[in-house]
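No value in this document is a laboratory result; all are computed from the given coordinates. From a predicted model like this one, the values you see are computed outputs, not experimental measurements. Cβ placement follows ideal geometry from the backbone for every residue including glycine, while neighbour counts extend to all protein chains displayed.
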Amino acid sequence: MRIAIGADHAGYSLKTPLVTLLQSRNDEVIDVGAHSYDPEDDFPDFAKLVADAVSSNHADRGIIVCGSGVGASVAANKVTGIRAAICHDSYSAHQGVEHDDLNVLCLGSRIVGEEVAFELVTSFLNATFIDRGKYRRRLDKIIDIENSQKNTHS
């Protein structure tokens, strides 16, 4: 699986062990940065890079780490085709994929530690969307909402 990963200064220290985890799973890692610690960098820059990689199909899924995960989620969801969510429990990490076709996982490095983050990422990446019945119907409705917004803002 191709995984885009990015983090701002608050998530920087958690990103490196996550990259190591992804490599140990034999995932292809697209590390969009930060590549050095900069206390003045901004999470929207990295959220956009990860989201763009997923939206353009350069990556299958994305992971963004900031302080709480909130800002990263808000920013990533502005990109067409992105379904990003904060998940700080393993149930949400896999259920979000299975039921809602979640494609970007947002983590708060000030909320979860390294071991919990490993569990969350593993749950997220091992899950598959249930592409039938109510899950497909609901995803289609989400896509319709997104498409209607594109048409009103064109």
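Computed quantities for the displayed model
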item: Among 113, 96, 11, residue whose mean-square fluctuation peaks in a GNM of the chain (springs only between Cα atoms under 10 Å); result: 113
item: Loop-located GluC sites (Glu not before Pro) in the stretch 32-122, at most 12 other Cβ atoms within 10 Å (DSSP); result: 40
item: DSSP loop trypsin sites (Lys or Arg not before Pro) with at most 16 other Cβ within 10 Å: longest gap in the chain; result: 26-77
item: Helical segments meeting 24 Å axial Cα length and Kyte-Doolittle -0.5 threshold in the chain (DSSP H); result: none
item: Simple Cβ-charge dipole of the chain, Lys/Arg +1 and Asp/Glu -1, about Cα centre, in debye nearest 20; result: 680
item: Exposure proxy order (Cβ contacts within 10 Å, fewest to most) of 116, 65; result: 116, 65
item: Residue 138 versus residue 26: modelled label distance in nm, points set 7 Å from Cα along the beta carbon direction; result: 3.3
